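Notes for the one structure printed next.
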Number of protein chains: 2
Amino acid sequence: MTKPVPPRHGDPGVSTPRRGGRTVTLDVVARLAGVAPATVSRAINQPDMVARKTLERVTQAIADTGYVPNLLAGGLASSRSHLIAAIVPSINNLVYAETIQSFGNRLKACGYQVLLGETGYGQDTEDALVTAVLSRRPDAIFLTGIHHSPQCRRQLLAAGIPVVETWDLTPSPLDLVVGFSHEKVGEAVAAFLHGRGCRRFGIVSSDDPRALVRNKAYARALERHGITGVASGLVHAVSSLELGRKGFADLIGQGFDGGGVFCSSDTLAQGVVTEALARGLRIPEDYAIVGFGDQNFAAHMLPALTTVKIDRAAIGEESANALLARLQNTPLTETVVDVGFTIMPRETA
Amino acid sequence: MTKPVPPRHGDPGVSTPRRGGRTVTLDVVARLAGVAPATVSRAINQPDMVARKTLERVTQAIADTGYVPNLLAGGLASSRSHLIAAIVPSINNLVYAETIQSFGNRLKACGYQVLLGETGYGQDTEDALVTAVLSRRPDAIFLTGIHHSPQCRRQLLAAGIPVVETWDLTPSPLDLVVGFSHEKVGEAVAAFLHGRGCRRFGIVSSDDPRALVRNKAYARALERHGITGVASGLVHAVSSLELGRKGFADLIGQGFDGGGVFCSSDTLAQGVVTEALARGLRIPEDYAIVGFGDQNFAAHMLPALTTVKIDRAAIGEESANALLARLQNTPLTETVVDVGFTIMPRETA
DNA sequence: ATGAAAGCGCTAACAA
DNA sequence: TTGTTAGCGCTTTCAT
């Protein structure tokens, strides 16, 4: 009847801990508490379904054994990993860090953990990264930007999980989108600088795709004012004070001789201001400088930086809320959330 | 003989995809390729053990189905999650971002993914966070700092995985440690400023524990020079330009009237410089300012910041290497790695 | 080089 | 309220 069975890892006494001390599993806890494994599982995940007396015994057993649930097993069994993936261009950029921070905090409160992936601003990397994180079976995914390769979109769709695209806006998101219009930003800055009396215009920008959209809208808006030929100092991907100085030096080198300068980040703007100061140029009289982001140093620089304020925490929070709604099957009123932006007039423009 | 069995998810035709489209599993790929599941597994994880012909068929089937391996299942079965946890005080601090970035890049090359956890500078949070990440069964763990609660240490030890503590040094690490001596930094800065002729000294610092160690060593070293009474402007946890300005204003408010100022971060130092400039004070003649970190803006500020350079990328890389060695059972020559530091004399001191 | 079978540690019906 | 049972999708001996 019973065919001979080889010794199994699970057998009491034959435990073969592959590492460290003995592995404490649900069953160990269950035995100690004198209940069935399922009861321990319930005690942990749905305590209300367990009698108070039982719950206490289980809790005690957990404490005694130092039991740490194995979420690989749990996730496999329930097909809910309680993991949410977030893909950002770079963690080496405070701008995204703040969004992720508020995103993570909101989700932590609901028992989710964030798995962070960094593309390094590459599109190939995004594809590979998405595949990599999907293999962890996240319950949802956060993306930066709205441009993804067809293969990436296919993969995301096939995963069948809620997706939120962020830091941009589109009428047709993969699923959800939380961000703001980069075109409107470009236009608003153009109008702002023009309103301040600028008649010549320049740009110091990284080659980030969203920055390019802002730049284009800025130039186009200026054309409507009859202004053509926007001088530009492009720098590569990463923003730094140094590159801001270099970018502005380039602009001057091109013969840019006073006017409004729109920078693609506050960091770059800080460099522009520094370089202008180093050259003894007058801000904002001769050079009016506008940053982007309103990072925490902007208001406290000397001179204080005029910039475009983006509510980064709101992007994180709204994204989390939207995903959470999907995960809880709460009906969602809006799949497109515009967090807007504000120009903060200070001393540099 | 065969008792009636209820329909199972696994049964072909009765697949109940809990979400999205049908779930592509190893078995689906195997069937399509006309091989056993185990062979597909091998084709993916140990391609050399599979005949070329077979490999091709499997590869094709994977492409055709868009199969994405389920690492929850894989990890559970093999007890290797290919996940490495990293605990940092804040992702909202570029100083740690760079370390994590190089750490992650090194590990990615070896097929590991990093699971990031943020303590927010709290110790309670560290305990909870460690528990949370351990439930994902990481293959190794990266910690910031060397101070952990007894419970945390116990838990870490019980996990039986390689552990690297970073950003500090201790002769008795939990397992491995990669960092530098904060005491030596404090002493070196004291000597440096004293050597520059400073006779009065101050501090503008966050209340980060490692910063406090530097400050203490700084003060003690100065005592040896017969100097007592180091003025200090403490700010809370997070560093920002604004807090640097405020901290310096405090210092002045306390009657600090010229001398050397050691800041716990470059960001704070940038604030100190800004505030000093705003007050028309002379740097470095009257106020000699030293930062900490040598972030990328330090060298390009006006005036350029004298600071303590820490090779953050090296911390990440060496940590990764050390863990990798453990994971590959490579004998480790050193469990304590000192990456050192360098004072970069520039214009502010 | 490949296949068969037995779990990894947990959750989820279903019964009791 | 609790226990029983059957997997979740993969890896891993062990045979072949």
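The values are calculated or read from the model by the stated rules, or taken from the named source; none is laboratory data. Note that the structure is predicted; figures quoted are calculated from it, not measured. Every residue, glycine among them, receives a Cβ derived from its backbone with ideal geometry; neighbour counts consider all protein chains shown.
Only one of B:116, B:76, B:71, B:26 is under 30 Å from residue B:236 (Cα atoms) and among the hydrophobic types (A, V, I, L, M, F, W, C). Can you tell me which? I'd like the intermediate steps shown before the answer.
Numbers: B:76 fails: under 30 Å from residue B:236 (Cα atoms); B:71 fails: under 30 Å from residue B:236 (Cα atoms); B:26 fails: under 30 Å from residue B:236 (Cα atoms).
Checking each option against the conditions leaves just B:116.
Would you check which residues across segment A:53-68 are assigned to a helix (DSSP H, G or I) and touching a helix residue (DSSP H, G or I) at 6+ places or on another chain (Cβ under 9 Å) and list them?
If we filter segment A:53-68 for residues that are assigned to a helix (DSSP H, G or I), which is where we start, we get A:53-65.
Selection gives A:54, A:55, A:57, A:58, A:59, A:60, A:61, A:62, A:64, A:65.
Looking at A:136, A:153, which is the one that is of a type in the set (Lys, Arg), crowded, with 17+ Cβ neighbours inside 10 Å and within 19 Å of the chain's Cα centre (by Cα)?
Numbers: A:153 fails: crowded, with 17+ Cβ neighbours inside 10 Å.
Sole residue among the options that is of a type in the set (Lys, Arg), crowded, with 17+ Cβ neighbours inside 10 Å and within 19 Å of the chain's Cα centre (by Cα): A:136.
Matching residues to (1) in contact (Cβ under 8 Å) with a residue 12 or more places away in the chain; (2) within 14 Å of chain A (Cβ to nearest Cβ):
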residue	(1), (2)
B:154	no, yes
B:164	yes, no
B:169	yes, no
B:177	yes, no
B:186	yes, no
B:196	yes, no
B:201	yes, no
B:241	yes, yes
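Looking at (1) under 16 Å from the mean Cα position of the chain (by Cα); (2) surrounded by fewer than 16 Cβ atoms within 10 Å (Cβ to Cβ), which is the one condition that is false for residue B:281?
Condition not satisfied by residue B:281: (1).
Would you pick out the residues in segment B:187-219 that are hydroxyl-bearing (Ser, Thr, Tyr) and either surrounded by fewer than 23 Cβ atoms within 10 Å (Cβ to Cβ) or part of a strand (DSSP E or B) (or both)?
Narrowing segment B:187-219 to residues hydroxyl-bearing (Ser, Thr, Tyr): B:205-206, B:218.
If the condition is that a residue be hydroxyl-bearing (Ser, Thr, Tyr) and either surrounded by fewer than 23 Cβ atoms within 10 Å (Cβ to Cβ) or part of a strand (DSSP E or B) (or both), then B:205, B:206 are the ones that fit.
Evaluate the following for residue A:275: is it outside the structural domain of residue A:324 (by TED's automatic domain parsing) and either free of Cβ contacts under 8 Å to residues at least 12 places away in the same chain or at positive phi (or both)?
Working: outside the structural domain of residue A:324 (by TED's automatic domain parsing): yes; either free of Cβ contacts under 8 Å to residues at least 12 places away in the same chain or at positive phi (or both): no.
It is false that residue A:275 is outside the structural domain of residue A:324 (by TED's automatic domain parsing) and either free of Cβ contacts under 8 Å to residues at least 12 places away in the same chain or at positive phi (or both).
Which pairs do you get when a residue that is β-branched (Val, Ile, Thr), found in segment B:70-97, comes within reach of a residue that is within 16 Å of DNA strand C (Cβ to nearest atom) and in a helix (DSSP H, G or I), reach meaning Cβ atoms under 9 angstrom, with the pair 6+ apart or on two chains?
B:87/B:133
Please work out if residue B:81 is in contact with a helix residue (DSSP H, G or I) (Cβ under 8 Å, 6 or more places away or on another chain), away from DNA strand D (no atom under 16 Å from the Cβ) and within 10 Å of another protein chain (Cβ to nearest Cβ).
So residue B:81 does not fit the description; no.
Let's see how each residue does on (1) of a type in the set (Lys, Arg); (2) out of contact with any Ser or Thr (no Cβ under 9 Å at 6 or more places or on another chain); (3) modelled with pLDDT of 95 or more:
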position	(1), (2), (3)
B:37	no, no, yes
B:46	no, yes, yes
B:52	yes, yes, yes
B:56	no, yes, yes
B:59	no, yes, yes
B:70	no, no, yes
B:73	no, no, yes
B:76	no, yes, yes
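Any residue that is more than 9 Å from the chain's Cα centre (by Cα), among the aliphatic types (A, V, I, L, M), in a strand (DSSP E or B) and more than 10 Å from chain A (Cβ to nearest Cβ) - is there at least one of those in segment B:99-109?
no
Can you pull out every residue in segment B:169-196 that is under 25 Å from residue B:285 (Cβ atoms) and touching a Pro at 6+ places or on another chain (Cβ under 9 Å)?
B:192, B:196
Among the residues of segment B:225-239 satisfying the criterion of being of a type outside the set (Val, Ile, Thr) and without any contact (Cβ under 8 Å) to a residue 40 or more places away in the chain, which is nearest to residue B:190 (Cα to Cα)? First the steps, then the outcome.
At the first step, the residues of segment B:225-239 found to be of a type outside the set (Val, Ile, Thr) are B:225-226, B:229, B:231-234, B:236-237, B:239.
So of that shortlist, the ones also without any contact (Cβ under 8 Å) to a residue 40 or more places away in the chain come out as B:225-226, B:229, B:231-234, B:236.
Details: B:225: 9, B:226: 12, B:229: 13, B:231: 14, B:232: 14, B:233: 17, B:234: 18, B:236: 23 Å.
Per the stated criteria, the residue is B:225.
Need the failing condition index for residue A:230 against (1) more than 23 Å from residue A:123 (Cβ to Cβ); (2) assigned by TED's automatic domain parsing to the domain that holds residue A:130, just the number.
Condition (2) is where residue A:230 drops out.
Quick check on segment B:287-301. Is at least one of its residues closer than 18 Å to residue B:206 by Cα, more than 20 Å from the chain's Cα centre (by Cα) and away from chain A (no Cβ under 14 Å)?
The answer is yes, given that some residue of segment B:287-301 is closer than 18 Å to residue B:206 by Cα, more than 20 Å from the chain's Cα centre (by Cα) and away from chain A (no Cβ under 14 Å).
Specify the residue that is farthest from DNA strand D (Cβ to nearest atom); the eligible residues are those in segment B:28-54 that are within 39 Å of the chain's Cα centre (by Cα) and crowded, with 17+ Cβ neighbours inside 10 Å.
Taking segment B:28-54 as the starting set, the residues that turn out to be within 39 Å of the chain's Cα centre (by Cα) are B:29, B:37-50.
Narrowing further to those that are crowded, with 17+ Cβ neighbours inside 10 Å: B:29, B:39-44, B:50.
Working: B:29: 8, B:39: 8, B:40: 7, B:41: 3, B:42: 6, B:43: 9, B:44: 6, B:50: 11 Å.
Per the criteria, the residue is B:50.
Just to be sure I understand the filter: pairs with C-beta atoms under 8 Å, separated by 6 or more residues or on different chains, first member in segment B:22-46 and not assigned by TED's automatic domain parsing to the domain that holds residue B:74, second member among the acidic types (Asp, Glu) and surrounded by fewer than 14 Cβ atoms within 10 Å (Cβ to Cβ). Which pairs pass?
Final answer for the pair search is B:32/B:64; B:37/B:27.
Hey, any hits in segment B:69-85 for a residue that's away from DNA strand C (no atom under 16 Å from the Cβ), in a loop (DSSP other than H, G, I, E, B) and within 30 Å of residue B:309 (Cβ to Cβ)? Even if it seems obvious, please write down each step before you answer.
Looking only at segment B:69-85, we keep the residues that are away from DNA strand C (no atom under 16 Å from the Cβ), and these are B:84-85.
Imposing the further condition that a residue be in a loop (DSSP other than H, G, I, E, B) reduces the set to none.
For segment B:69-85, residues away from DNA strand C (no atom under 16 Å from the Cβ), in a loop (DSSP other than H, G, I, E, B) and within 30 Å of residue B:309 (Cβ to Cβ): absent.
Modelled with pLDDT of 95 or more, more than 14 Å from every other protein chain (Cβ to nearest Cβ) and over 30 Å from residue B:74 (Cβ atoms) - does that describe any residue in segment B:123-145?
yes
Looking at segment A:326-335, can you tell me whether even one residue there is touching a residue at least 24 places away in the same chain (Cβ under 8 Å), buried (at least 21 other Cβ atoms within 10 Å of the Cβ) and either part of a strand (DSSP E or B) or of a type in the set (A, V, I, L, M, F, W, C) (or both)?
Scanning segment A:326-335, I find no residue that is touching a residue at least 24 places away in the same chain (Cβ under 8 Å), buried (at least 21 other Cβ atoms within 10 Å of the Cβ) and either part of a strand (DSSP E or B) or of a type in the set (A, V, I, L, M, F, W, C) (or both), so the answer is no.
Given (1) in contact with a helix residue (DSSP H, G or I) (Cβ under 9 Å, 6 or more places away or on another chain); (2) buried (at least 19 other Cβ atoms within 10 Å of the Cβ), identify the lone condition not met by residue A:286.
Of the numbered conditions (1) in contact with a helix residue (DSSP H, G or I) (Cβ under 9 Å, 6 or more places away or on another chain); (2) buried (at least 19 other Cβ atoms within 10 Å of the Cβ), the odd one out for residue A:286 is (2).
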